[in-house]
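First the structure, in the form of structure tokens, and then the observations on it.
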Ligand code: SF4
Ligand code: SF4
């Protein structure tokens, strides 16, 4: 009975955590719309190897994503996001903060960086609130 109750409690707090994260993404998108950086959605930055870019993510964001979508089989040595389909992100609603804040648009680099820092702090605060150990590491290796 005790085990059952604690499992139930964990499920409820995970649902709460995910709903708080979803709300942060919503607020982020609202803030981002005021900057409106340019992106032609070419998908190049999701091909990490070619773009010479390592995408970092917090573990709760990766949990949130993989809770909602199935991770396709992929070869980590190719260094391409497995959710990139025909040069488009296949999981836009669930993608992580680093995906949402990366823009190659130099004109708005500073503003998008500041926004990234703001929401990165807010996501980090969720770890404290839910008594979780902070984990922030390369996205692809968290999927394996
Ligand atoms: S941020 Fe730049 S590289 Fe990435 S999809 Fe948009 S235009 Fe392409
Ligand atoms: S989750 Fe989407 S936006 Fe993020 S790296 Fe993968 S394809 Fe790109």
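Values in this text are rule-based calculations from the coordinates and carry no lab data. What you see is a predicted model, and the numbers here were worked out from it, not measured in a lab. Cβ: placed from backbone, ideal geometry, glycine included. Neighbour counts: every protein chain shown.
Annotations for the structure displayed:
- Förster radius 25 Å - calculated FRET efficiency between residue 39 and residue 121, Cβ distance, rounded to 0.05: 0.55
- Neighbour counts of other Cβ atoms within 10 Å put 130, 51 in the fewest-to-most order 130, 51.
- Using a Förster distance of 22 Å, the FRET efficiency for residue 26-residue 131 (Cβ separation, nearest 0.05): 0.35
- Counting 0.36 nm for each residue step from residue 69 to residue 4 and taking away their Cα separation leaves a gain of 20.8 nm.
- Relative exposure of 68, 131, judged by other C-beta atoms within 10 Å (fewest first): 131, 68
- Square roots of 5 times each gyration tensor eigenvalue, C-alpha, the range 2-143, largest first, Å: 27, 20, 13
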